[in-house]
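Structure first, commentary second.
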Amino acid sequence: MTGRSLSCSPEGIQKAKRALIRCSFTQKALAEDLEVTRQPIGKFFTGKPVDRNLFVQICDRLDLEWEEVVTEPASELGVNQDNSIDIDAIVQGVREKIKPIIQQLCGTMRVLDMTKPIGLNDIYTSVNILEKITGRQPLGIDELLEQYRSQDFDLFGLNKITEKRVPGLEAVEKYSKLMILGKPGAGKTTFLKYLAIQCIKGEFQAERVPIFVTLKNFAEAANKPRLLEYITEEPINPIYSIRDVITYGKALVLLDGLDEVREEDSNRILNEIREFSDRFPKNHFVMTCRIAAREYTFEKFTEVEVADFDDDQISNFVNNWFKDKAIKSETFIKRLEENNRIKQLAASPLLLTLLCLAFEDSGDFPANRSELYKEGLDALLKKWDAKRGIQRDQIYKKLSVQRKEDLLSKMALTTFERGDYFFKQKVAEQYITEYIRNLPDANTDEEALQLDSEQVLRSIEHHHGLVVARAKRIYSFSHLTFHEYFTAREFVVVRQSSEEALQNLVSHITEKRWREVFLLAVEMSPSTDRLLLLIKDKIDFMVADDQKLQEFLLWVREKSLSVNFSYKPAALRALYLSLSRSLSRSLSRYLSLSLSRSLSLSRSLDRSLSLSLDLSLDLSLDLSLNLSLSRSLSLDLSRSLDLSLSLYRYLSLDRSLDRSLDRSLDPELKNLLQKLREQLPSRQDWQESQKWWLANGKAWCEELRKVMIQYRKIGHDWQFSNEQKELLQQYYDANKLLIDCLNSDCYVSREVRQQIEDTLLLPIAEIKQHQQ
């Protein structure tokens, strides 16, 4: 008898035959139950040598003690003289033999458009786990808004995690049967490969043998083998001792991609996994599956979810990616921080990989962000499954990629117009129903349409992860970036920039949350002439009926024309409009903040018009005087809590007046400013300055204002109402957005660009005259 074989004694054969009858088995049925052929079963019942592991399994299945029926114990590596197995020795032997196989299978990764594989340990970033599944939280929309919303809309983040995160390795240690759910590209397979590598290196569960099974390959294997048979015969584990490892519960069984199994194989594979895990419960199991895949029930498995990357994980991934490359990770991180919308995508490991690939090509993100987002959507809609040879059984087979994008665009615009960043499942299904009812061969039965819409919604989440569950029966787009992109796409691509569509878009020009939609719309338009002209008209007519605001714009025009400087008129108009706005708010803002914001529009124009940055004497003087008045108005020496701030502003006022007097001035103006300067008390005696300012400050400010108005035509107190101030702010912001659109990677004719620049920030009468 060979070293690993056992045979049944004559008495043992009789016991086995009685047990076969008692268990209602035939030899054929027993072979099928144990996933082996008839031949070794026949050998067992005739007293011939049988593989030791199979011998033990047969006895176990027949409720027999194998020691009571065996005729001759084996002597071999891993088997002691007293016939007991040294399972630890077997485990270590198996680990050594399969180590190169595991390293070859799990040691590298290659996704999307990578030109070559990359070492797993060279790029791997630790995974965090959510023990509560996001889409099953019993939360309402108001509660979700409270969790995700920031006071600054630009910081509204759908990737913020409020639940506690647990390190992935800790979760695997904690639960012996673990189902890891995650969105497409969340890093599930990478994590499973990492577990296999860490295990075989002895750095995680070194007492176990890692067994990595790609469930798609198992499901499509020839002759449809049972799972145990597949594992023991699969080339990845060509060691007969693997049966011992599994039988004695020493395996770390890693089952990857349950969602990738074809529908026709699904029930068979589910049953195989259930039976295998029930039959060998002492082993450690980790299985991965996409969120919202078909309804799977594994009662003994604990379900967790892969968390999106946080800032630390993003930094670690980027540092690993750009290590030893010409482009530095710091450059990538800096550009990422400057663009919140792109940063939102980086929370997905798959999309972060795409961003790194794009950045590596040129050292920056593409100027046209709509093209970058389109590439990210293509990765989720087409490339991610196609690159891995996965053909999913889509409920919505009649929907091409373009149809899917059209459906998502319709949903995006409808929800975005309503401000619904979160929407109920029934609402989403209704949007889908309204779309698919018009498709060829669509169901005409309303109940059937409703069922189809439910399946389509689940498929969008499962296959692409573009719409995801945020709580029980509440959904949102996976990223605000994609919500905005699809909204813009509805106007430009689906509705083909029709006049009605563009008018609808332009009606939102004063709403801050639409800013990104406008920028994306102009970037994805083949020509933006009509859209930009509609925006310009909308802005101009915002203030056309307000006489005081028209007078203000007329003053802005006249003042800009009086300055002898190389700036184009539009940039000067922007500067003087900005300075007047900052002056009117100087009582409640620090000077530095108001000045930086006041110059923002003129700087945008600066970039657009390619103007000189050297300040002329006229402009420099106006800036100095404007700062002097702004600082004097911001002083409040009556409040002791503000003394340090007031002192700082007082000294700054003194210096700004000094700078004004240092310039070549009109003699009368210089004389008047000198007299105003001499009225100010000494800088050294702060208490005396405080008393003087309380007594004389208001009158002094008015004198300075009169001088500025008379000699420089600046410093007016326009006395706008609150409504006018709000309207002027909207007008300013809308013009800023228009200039940002011009500065984006959009296609606009020279004639339209020039027309917009020539008439920017002019009173309506001047604009009409220019058009005529």
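Summary table below
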| item | result |
| --- | --- |
| Matching residues, region 433-457, being buried (at least 20 other Cβ atoms within 10 Å of the Cβ) and either within 19 Å of Leu181 (Cβ to Cβ) or among the basic types (Lys, Arg) (or both) | Leu457 |
| Test result for Phe309, at negative phi, touching a Pro at 6+ places or on another chain (Cβ under 8 Å) and not in a helix (DSSP H, G or I) | yes |
| Single unsatisfied condition, Phe156 versus (1) closer than 16 Å to Gln344 by Cβ; (2) modelled with pLDDT of 80 or more | (2) |
| Asn283 over 25 Å from Ser478 (Cα atoms) and crowded, with 22+ Cβ neighbours inside 10 Å | yes |
| Arg18 modelled with pLDDT of 85 or more, open to solvent by 90 Å² or more (accessible area, probe 1.4 Å), under 27 Å from Phe276 (Cβ atoms) and among the basic types (Lys, Arg) | no |
| Residue under evaluation Lys188, criteria (1) surrounded by 22 or more Cβ atoms within 10 Å (Cβ to Cβ); (2) in contact with a helix residue (DSSP H, G or I) (Cβ under 9 Å, 6 or more places away or on another chain); (3) in contact (Cβ under 8 Å) with a residue 60 or more places away in the chain, criterion not met | (2) |
| Those residues of region 91-106 which are open to solvent by 20 Å² or more (accessible area, probe 1.4 Å) and either in contact with a strand residue (DSSP E or B) (Cβ under 7 Å, 6 or more places away or on another chain) or in a loop (DSSP other than H, G, I, E, B) (or both), in sequence order | Leu105 |
| Residues that are touching a residue at least 12 places away in the same chain (Cβ under 8 Å) and farther than 30 Å from Arg136 by Cα, drawn from region 469-498 | Ala488, Arg489, Glu490, Phe491, Val492, Val493, Val494, Ser497 |
| Residue selected from region 415-432 under the condition buried (at least 18 other Cβ atoms within 10 Å of the Cβ), more than 22 Å from the chain's Cα centre (by Cα) and not hydrophobic (A, V, I, L, M, F, W, C), by the criterion nearest to His483 (Cα to Cα) | Tyr431 |
| Residue ranges of helices (runs of 4 or more DSSP H) in region 512-611 with at least 2 members farther than 30 Å from Gln496 by Cα, open to solvent by 10 Å² or more (accessible area, probe 1.4 Å) and at pLDDT 50 or above | 547-562, 569-584 |
| Looking only at region 2-15, and only at residues there that are surrounded by 14 or more Cβ atoms within 10 Å (Cβ to Cβ) and either not aliphatic (A, V, I, L, M) or not in a helix (DSSP H, G or I) (or both), the one that is nearest to the chain's Cα centre (by Cα) | Arg4 |
| Among the residues listed as Ile714, Ile709, the single one being out of contact with any helix residue (DSSP H, G or I) (no Cβ under 6 Å at 6 or more places or on another chain) and of a type in the set (A, V, I, L, M) | Ile709 |
| Tally of residues being in contact (Cβ under 8 Å) with a residue 12 or more places away in the chain and open to solvent by 50 Å² or more (accessible area, probe 1.4 Å) across region 400-414 | 2 |
| Within region 120-147, tally of residues that are modelled with pLDDT under 90 and small (Gly, Ala, Ser) | 2 |
| Subset of region 268-280 [out of contact with any Ser or Thr (no Cβ under 8 Å at 6 or more places or on another chain) and either hydrophobic (A, V, I, L, M, F, W, C) or crowded, with 19+ Cβ neighbours inside 10 Å (or both)] | Ile269, Leu270, Glu272, Ile273, Phe276, Ser277 |
| Region 553-571 - residue that is under 18 Å from Gln769 (Cα atoms) and of a type in the set (A, V, I, L, M, F, W, C) and, of those, nearest to the chain's Cα centre (by Cα) | Ala570 |
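The values are calculated or read from the model by the stated rules, or taken from the named source; none is laboratory data. Please read all numbers here as calculations on a predicted model, not as lab measurements. With ideal geometry, Cβ positions are generated from the backbone for all residues, glycine too; neighbour counts draw on all protein chains shown. For the accessible areas, the whole protein counts, side chains as well, though only heavy atoms, and no ligand, DNA or RNA atoms are used. Shrake-Rupley method; radii C 1.70, N 1.55, O 1.52, S 1.80 Å.
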